[in-house]
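Okay, so here's the structure we're looking at.
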Amino acid sequence: LHEFTKPGVAYAPTYELVPGENGNLYGATSSDPEAIYQITPSGTFNIMRTLTYDEGFGGGQLSLGSDGNLYGGTNLGGITKNGGYGTAFKITPDGVVTVLHRFDLTDGEYASPGMVQAANGKFYGVATEGGGSLEGTIYSLTALGTFKLLHSLNYPTDGGSPQGQLLLASDGNLYGTASNGGSTAGCGTIFQVTLAGAY
């Protein structure tokens, strides 16, 4: 449907596409700078917005909110190219970006796995690094930008470097994976966390 041909503008579409309410598909590149794009099922491609360094870069997975907006996280930026630990943002179908949270390392870094929305309206996500042990965090965020750190992973017991978007299961809990740690073997964990943050 589309071939990315512009290095330095928009490339490396690493993460899954998200269907929008209008039937089109949406995605984000993991490039520097990061581009949020739209493509129709017939292949009409459009870059909705290229993020500034203040808005973050090196991001990935988007999710569709119940309000019709798209939500996502970035790995770096939030201040300048050489400053900041990533952001969480929303973007309207018209391409208007609002930064909801700027990570400061104590609450996470590398938030490209994105977020999932629960029935309470809050979004839940992981940051691959940062937190109390620098091994990653789990957080909640509202559409208005109210952020809460739910859990900082501890490498020996919890695992470290959580990867991928959290899964919201039918039991109301969130499930995810950490790519290392968790025991003397250090080979990773599969975890459950409640919406209140009990890990």
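Let me check something: with ligands and nucleic acids excluded, how do Arg49, Arg102 order by accessible area (1.4 Å probe), largest to smallest?
Sorted by accessible area, descending: Arg102, Arg49.
In square nanometres, what is the average projected area of the Cα convex hull of the stretch 100-159?
Across all orientations, the stretch 100-159 yields a mean hull projection of 3.9 nm².
Rounded if a/c is under 1.5, else prolate if a/b beats b/c, else oblate: with a ≥ b ≥ c from the C-alpha gyration tensor eigenvalues square-rooted, which is the stretch 128-199? All intermediate terms of the calculation are to be shown ahead of the outcome.
Values: a/c = 2.23, a/b = 1.45, b/c = 1.54.
It comes out oblate by the Cα gyration axes.
I'd like to check one number: the per residue accessible area of the chain, probe 1.4 Å, reported in Å² as a whole number.
Working: 8870 Å² over 199 residues.
Each residue of the chain exposes 45 Å² on average to a 1.4 Å probe.
Straight distance only, please: which lysines reach the Cα of Lys148 with their own Cα at less than 18 Å, same-chain residues fewer than 8 apart left out?
Lys90, Lys122
Report, in whole Å, the centroid distance computed from the Cα atoms of the stretch 55-99 and the stretch 140-171.
Cα centroid to Cα centroid, the span is 17 Å.
Could you pull the accessible area for Glu21 with a 1.4 Å probe, rounded to 10 Å²?
Approximately 140 Å² for this residue.
May I ask for the Rg/Rh ratio of the chain, computed from Cα atoms with Rh as the Kirkwood radius, given to two decimals? Before the final figure, lay out the partial values.
Details: Rg = 16.3 Å, Rh = 16.7 Å.
That ratio equals 0.97.
Apply the a/c threshold of 1.5 to the C-alpha gyration tensor of the stretch 46-147 and tell me whether it is rounded, prolate or oblate. Could you put the intermediate results ahead of the total?
Working: a/c = 2.01, a/b = 1.16, b/c = 1.73.
It comes out oblate by the Cα gyration axes.
Note down, for the stretch 49-107, the three equivalent ellipsoid semi-axes (square root of 5 times each alpha carbon gyration tensor eigenvalue), biggest first, whole angstrom.
Here the semi-axes work out to 20, 12, 8 Å.
HN-Hα J couplings of the stretch 53-66 from phi, Karplus 6.51/-1.76/1.60, θ = phi - 60°, integer Hz, Gly and Pro as x?
Values per residue, Gly and Pro as x: 5, 5, 8, x, 8, x, x, x, 6, 9, 9, 8, x, 5 Hz.
Once the dipole of the stretch 57-160 is set up with Lys and Arg at +1 and Asp and Glu at -1 on Cβ about the Cα centre, which of Leu134, Ser112, Val97 lies farthest towards its positive end?
So the residue furthest toward the plus end is Val97.
The values are calculated or read from the model by the stated rules, or taken from the named source; none is laboratory data. Owing to the predicted nature of the structure, the values given are computational and were not obtained by experimental measurement. Don't worry about glycine lacking a Cβ; one is built from the backbone with ideal geometry, like all the others, and counts go over all protein chains shown. Side chains are part of the model used for accessible areas, which takes the heavy atoms of the whole protein and leaves out ligands, DNA and RNA. Shrake-Rupley method; radii C 1.70, N 1.55, O 1.52, S 1.80 Å.
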